[in-house]
Amino acid sequence: MTLGNFALTKRHLFISGAPLAGFLLFVFMVILISTGDAGDITKARKIGDVIMPEREIETLLTDEVEPPEEPEIAPPDIAPPQLDTQPIAISANTSKPQINFNQGSGTLFRDGEYIPLFKVQPVYPRRAQERGTEGYVIVAFTITESGTIQDPYVIEGKCRSVGNRDGNYNDCSLFNSATIRAASKLKYRPTIRDGKAVAVEDVPHKFTFELEDS
């Protein structure tokens with residue numbers, strides 16, 4: 001074989017093998033591409049859809065709320081006050097003075113005459129005790145709209161010795177001062193006229209002074 005024939009033969013082989021080489025290269029590239037895409041695919045698991053059932057929620061709140069009932073408290077039974085409507089008869093002796101307070105029934109706004117509320121026992125004068133003298137004093141005063149005493153004065157003062165209790169009383173002023181002090185402390189329910197308290201003047205009152213028997 002000559003050199004020219006050998007070169008011609010090599011050329012024909014190269015030309016005839018080129019399509020095969022190109023096909024093989026194409027197949028190789030397809031394989032590479034397929035392999036690379038498969039590696040990038042991440043398998044994923046489909047999560048089923050979760051469906052919550054619908055529920056009606058009942059609320060305890062209402063538009064109208066009834067207030068709690070208040071307990072009924074019965075008012076306490078109060079006994080009406082008691083007034084002492086008896087005339088005041090006061091005597092003084094050697095014992096300690098006493099104050100008696102009695103409330104009465106009725107109302108302060110009802111028409112009526114004055115009513116005594118405080119009974120005051122006068123202090124027995126020491127000089128009268130030493131002399132063994134007893135007696136009485138009649139005073140007069142004004143009962144004000146509030147029931148207090150105003151302007152007391154002596155109408156009559158009498159006295160006698162203990163040894164002469166069956167005898168007559170004589171005029172004396174031995175008990176006048178103690179009587180005026182006691183009268184100033186008296187309390188009255190005032191006189192009511194047409195629903196209003198009014199003052200009453202020249203109201204007489206008698207205080208008696210007696211010694212205790214030894």
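Considering lysine pairs in segment 111-214 that are 8 or more places apart or on different chains, how many have Cα atoms under 17 Å apart?
So the count works out to 6.
For ASP166, what is the net charge nearby, where nearby means another residue's Cβ is under 13 Å from its Cβ and Lys, Arg count +1, Asp, Glu -1?
Residues near ASP166 contribute +1 overall.
Every read-out reported here was derived from the displayed coordinates using simple, explicitly stated rules and does not represent laboratory data. Please read all numbers here as calculations on a predicted model, not as lab measurements. Backbone-built Cβ (ideal geometry, glycine too); neighbour counts: all protein chains shown.
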